[in-house]
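Input: a single structure, listed below in structure tokens.
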Amino acid sequence: MGSGIYVAGHRGMVGAAIVRTLETQGVGPLILRSHSELDLTDQRAVRRFFQEERPEQVYLAAAKVGGILANNQFPAEFIYTNLMIEADAVHEAWASGVRRLLFLGSSCIYPKLAEQPIREDALLTGKLEPTNEPYAIAKIAGIKLCESYNRQYALDGVDFRSVMPTNLYGPGDNYHPDHSHVLPALIRRFHEAKEKSLPEVAIWGTGAPKREFLYVDDMAAASVHVMNLPRHTYDALTEPMTSHINVGFGSDIEIAELAKLIKKSIGYTGNIAFDTTKPDGTPRKWMDSSKLLSAGWAPRVGLEEGIRSAYQDFLKHKMVRA
Ligand SMILES: NC(=O)c1ccc[n+]([C@@H]2O[C@H](COP(=O)([O-])OP(=O)(O)OC[C@H]3O[C@@H](n4cnc5c(N)ncnc54)[C@H](OP(=O)(O)O)[C@@H]3O)[C@@H](O)[C@H]2O)c1
């Protein structure tokens, strides 16, 4: 067996938070490669990397990630890149002797109209949200890759796990004007409206859809927690062909309410308007995280506190990534 923990995607929001958590816990050594040092869609390079480094554990937090607009504009890139990253990393990790791997998926794997709160067994029971279907299909393939390796190589001790986070936010988020998710996009828009003294900020849709948001350091703690659960505990929580675990905050909030919270945190004094010519998307996406809660993890950072901290990070970095 190898040694060291490889965090793939350590420069991303989630990967960086996993690194912070592992460093705080004093575990390692950590094995880190930026995208430019190791392109995970390049199978030969990935094979070379795993054969040379032979990590003991792998956190797979590298992915092509984006909001509705980016998913709509670049569907081919979203499905291709994510399928390739997963296939290369999971297969080459296995081939090099890795026996414990954690794959990060997303709540968009679930059907658009799944019963709420969404349980793990809702996977593949209905049609997906069309705007990010290619991305979601790639993430579903990632779960199925991990569980197929588990099923075929169980006797060799292969134990590849998957976590499905709800919407995440926090330090290191992407605040790109077109390519970001809803919470960081609102932080940016309210901030700019405040700077420019604009009279109102228009929100897409009616503001009625509800979403769940988890602070990224809570997600990182959940990832490390799941990675280190004893095998019998993980196996008791999952099924061989429903092998993923939800990671949510526990409650959701209307987009209109979220906008009010962000407006308050930023100190913007103008109005909030709703552009009802724009689509609302899925009415509600609230995860049932009872499995993980029963296994001893719970979120620690409330939404108001988390937004304040994310805004401080935004001000520090004014991050704009394409
Ligand atoms: N953000 C959320 O709200 C959210 C919610 C649910 C699930 N997740 C999941 O959490 C994981 C991480 O998301 P994130 O928000 O941390 O995304 P992120 O900030 O965009 O980070 C992704 C990282 O992956 C790297 N990467 C992309 N393509 C790569 C490639 N071909 N080879 C090597 N590295 C590559 C990126 O590097 P470059 O920037 O250099 O390309 C980046 O450092 C993803 O699996 C995502 O699905 C995120």
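Numerical summary
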{"read-out": "Selection from region 11-33 of residues that are within 11 Å of the ligand (Cβ to nearest atom), farther than 16 Å from Val226 by Cα and in contact with a strand residue (DSSP E or B) (Cβ under 8 Å, 6 or more places away or on another chain)", "value": "Met13, Leu32, Arg33"}
{"read-out": "Complete set of residues in region 74-112 that are away from the ligand (no atom under 16 Å from the Cβ), among the hydrophobic types (A, V, I, L, M, F, W, C) and touching a residue at least 60 places away in the same chain (Cβ under 8 Å)", "value": "Trp94, Val98"}
{"read-out": "Members of region 21-31 found to be crowded, with 17+ Cβ neighbours inside 10 Å and either touching a residue at least 60 places away in the same chain (Cβ under 8 Å) or assigned to a loop (DSSP other than H, G, I, E, B) (or both), listed by number", "value": "Thr21, Leu22"}
{"read-out": "Single condition Ser3 does not satisfy, out of (1) within 15 Å of the ligand (Cβ to nearest atom); (2) in a loop (DSSP other than H, G, I, E, B); (3) among the small types (Gly, Ala, Ser); (4) free of Cβ contacts under 8 Å to residues at least 60 places away in the same chain", "value": "(1)"}
{"read-out": "Enumeration of residues in region 115-145 that are free of Cβ contacts under 8 Å to residues at least 24 places away in the same chain and either touching a Phe, Trp or Tyr at 6+ places or on another chain (Cβ under 6 Å) or among the small types (Gly, Ala, Ser) (or both)", "value": "Ala122, Gly126"}
{"read-out": "Qualifying residue in region 247-263 (condition: over 30 Å from Glu77 (Cβ atoms) and among the aromatic types (Phe, Trp, Tyr))", "value": "no"}
{"read-out": "Residue match in region 222-235 (condition: of a type in the set (A, V, I, L, M), closer than 22 Å to Asn132 by Cα and within 14 Å of the ligand (Cβ to nearest atom))", "value": "no"}
{"read-out": "Region 162-178 residues that are within 19 Å of Asp313 (Cβ to Cβ) and within 10 Å of the ligand (Cβ to nearest atom), paired with ones that are assigned to a strand (DSSP E or B) and not aromatic (Phe, Trp, Tyr) (beta carbon under 6 Å, 6 or more apart)", "value": "Pro165/Val247; Asn167/Arg211; Leu168/Leu214"}
{"read-out": "Filter pass, Tyr153 being more than 10 Å from the ligand (Cβ to nearest atom) and crowded, with 24+ Cβ neighbours inside 10 Å", "value": "no"}
{"read-out": "Of residues in region 179-208 being among the aliphatic types (A, V, I, L, M) and away from the ligand (no atom under 15 Å from the Cβ), the one farthest from Asn132 (Cα to Cα)", "value": "Leu198"}
{"read-out": "Residue that is farthest from the chain's Cα centre (by Cα), among those in region 1-15 that are surrounded by fewer than 20 Cβ atoms within 10 Å (Cβ to Cβ) and modelled with pLDDT of 95 or more", "value": "Gly4"}
{"read-out": "Tally of residues being in a loop (DSSP other than H, G, I, E, B), within 13 Å of the ligand (Cβ to nearest atom) and either loosely packed, with under 15 Cβ neighbours inside 10 Å or at pLDDT 95 or above (or both) across region 34-73", "value": "13"}
{"read-out": "Per-region count, region 157-176, residues over 27 Å from Arg20 (Cβ atoms) and modelled with pLDDT under 95", "value": "0"}
{"read-out": "Qualifying strands (runs of 3 or more DSSP E) (wholly inside region 82-201; at least 1 residues being more than 29 Å from Ala256 (Cα to Cα) and under 17 Å from the mean Cα position of the chain (by Cα))", "value": "100-104, 159-165"}
{"read-out": "Those helices (runs of 4 or more DSSP H) lying entirely in region 204-322 with at least 3 residues crowded, with 18+ Cβ neighbours inside 10 Å", "value": "216-228, 255-266, 303-317"}
{"read-out": "Residues of region 268-322 classified as within 16 Å of the ligand (Cβ to nearest atom), within 24 Å of Glu120 (Cβ to Cβ) and basic (Lys, Arg), total", "value": "1"}
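Conditions (1) of a type in the set (S, T, N, Q); (2) closer than 30 Å to Ala273 by Cα, marked per residue:
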residue	(1), (2)
Ser223	yes, no
Met227	no, no
Thr233	yes, no
Glu239	no, no
His244	no, no
Phe249	no, yes
Ile253	no, yes
Leu258	no, yes
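The values are calculated or read from the model by the stated rules, or taken from the named source; none is laboratory data. Since this is a predicted model, take the numbers as computed values, not measurements. Cβ: placed from backbone, ideal geometry, glycine included. Neighbour counts: every protein chain shown.
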